[in-house]
Structures are given as structure tokens and as C-alpha cells.
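Remarks on the structure that follows.
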Amino acid sequence: MLSGLVPALDHSMREEILGNRGRKIRQRGEHALIGISAGNSYFSQKNVTMLLQWAGQHFERTDVVYVDTHIDDMLMADGRSAQEAEKSVKRTLKDLRRRLRRSLESVGDHSERFRVRSLSEIQETPEYRAARESTDRAFHEDGEFATVCEEMVRAVVMNRPGDGVGISEEHLRAGLNYVLAEAPLFADSPGVFSVPSSVLCYHIPTPVSTFLAHRETGFQAAQGQAYVVVRPQELADAA
């Protein structure tokens, strides 16, 4: 079982709040960022619906962002042709969008409280670009942050869908592009989404979220940034 877990109010989800300041930000309930990884079997229809229901109960606004960038690069590193990779990504994203649409329908029409976008859409905003400039600079100038990003790259590559193909330099390059594209959401989701505070929600602790939640020197997360590991009670009990 994950340490530090506390029951959510509806008793169907459990939370682990990372870092000392995370609890106060979580209690404010202003904004949740839910990250969805395309191709990850965890994000079933049931789990996504429960996650959205939980967010609707505890936050004024929720942004759902699904990652649609650099997935084809990883598949091509597995040996797929560009055409095969493109077809596979299209199928995966189509299925994911369908699940997200059905999950939103099941929690009711909350268009003002829920917003669903792809990472590629977010990347077009000036707020994202400003945060990306900061995280890219930190990757090159802050050795500890760079090391943690590289740890997360290996986690992404090791957990990719596939047939057991080993890790190549191409995999690591694709993984780094994937992680650096996500980094602004980890470091400054309040800035990216123009909210006073934001809680990044994911079903497992990641190297980057754990690092930023506890870091007090060097490159740090935005003041209003918090991190919560949230998952269905039944899965938390089994962990």
C-alpha cells in the first residue's frame, strides 16, 4: 500500500498528497490537472469515469490533458515504419477520445467545469511556451532536475506498450522529447492554465512530481503547484 494515503470523501478514491505545501493547495480545490497517457491500460472507461467524478466533487475546475505527442517516435524506435506508427497512434487516440467523451457524459454536462484537450493543443498557447522555456532552461542548467527527467525517461520507455524490444538510443531520444513536452505541466500548471493554484493528479508518483513536490532549492515548481496520487480504493488496497 502507498504510504500516506488518506480516504477521499466519497470513499471510492484514495489520495496521496506529495510534499509539505501540497495539502493546503489541495484543500483550496481551485483547479485539477488530470494527465492521461495514451495507450496506458490503466485508463479504462471505469477508472477515467471514477477520476472525473472525484475531480468534480473536489475542484472548481478541471483540465484533462491527454498526451498525443512523440508516441509515433517511440513506435518507430520499436521498428515500426512511419506509416504503421501513424496508423497505430490514430487508433489509440480515437479510442482514448471515445472513452473520455463517454466518461464526461456519465458525470453530466459540466462544460464550464471540465475541459479536455490534447497536449499538442496546449503547446500552442503562450502560457505553455513560457513554462516550456523555463523547464528547458532548467534541464540544461540544473543537474539534479536533468537527472530526474532522465529517470522519468527510462520509466516511460520501460513501461511503453510493445513486444519487449530493448531500449535503444532512439527510444531514449523519443522518451526525452516526451518528458520535456510534459515538464511544463508538472512544474507550472497554474501558469499554463492561468489559475491561482493547481493540483496535478496521476495514479502513480512519478520521478518528476516527487522531486518537485519536495525540492526547496534550485529549480522549483510554481508556488501554487501541488501533486496528488489518486486512484480507486480497490487498486490502492491491492498496491
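Derivation of every value follows stated rules applied to the coordinates shown; laboratory data play no part. Just so we're clear, the structure is a prediction, and the values are computed from it rather than from any experiment. Counting neighbours? That spans all protein chains shown, and the Cβs are built from the backbone with ideal geometry, glycine included.
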(message) Just want to confirm a number: the relative contact order over segment 46-175, from Cα pairs under 8 angstrom separated by 6+ residues, in percent.
(response) 36
(request) Let me know the shape class of segment 6-238, please: from the alpha-carbon gyration tensor, a ≥ b ≥ c as square roots of the eigenvalues, rounded when a/c is under 1.5, otherwise prolate if a/b is greater than b/c, or oblate. (result) oblate
(request) Using only the Cα atoms of segment 102-223, build the gyration tensor, take square roots of its eigenvalues as a ≥ b ≥ c, and label the shape rounded, prolate or oblate: rounded if a/c is under 1.5, else prolate if a/b is larger than b/c, else oblate. (result) oblate
(request) Sort 192-199, 143-150 for me by packing, meaning the mean count of neighbouring Cβ atoms within 10 Å per residue, highest on top. (result) 192-199, 143-150
(message) Sequence gap at least 6, Cα distance under 8 Å: using those rules, report the relative contact order of the chain to the nearest whole percent.
(response) 33
(request) Round to a whole angstrom and tell me the spacing of the C-alpha centers of segment 112-140 and segment 10-41. (result) 19
(request) Order these peptides, 177-189, 41-53, 118-130, by their mean beta-carbon neighbour count within 10 angstrom, highest first. (result) 177-189, 41-53, 118-130
(request) Assuming a ≥ b ≥ c are the square roots of the Cα gyration tensor eigenvalues, decide whether segment 186-239 counts as rounded (a/c under 1.5), prolate (otherwise, with a/b larger than b/c) or oblate. (result) oblate
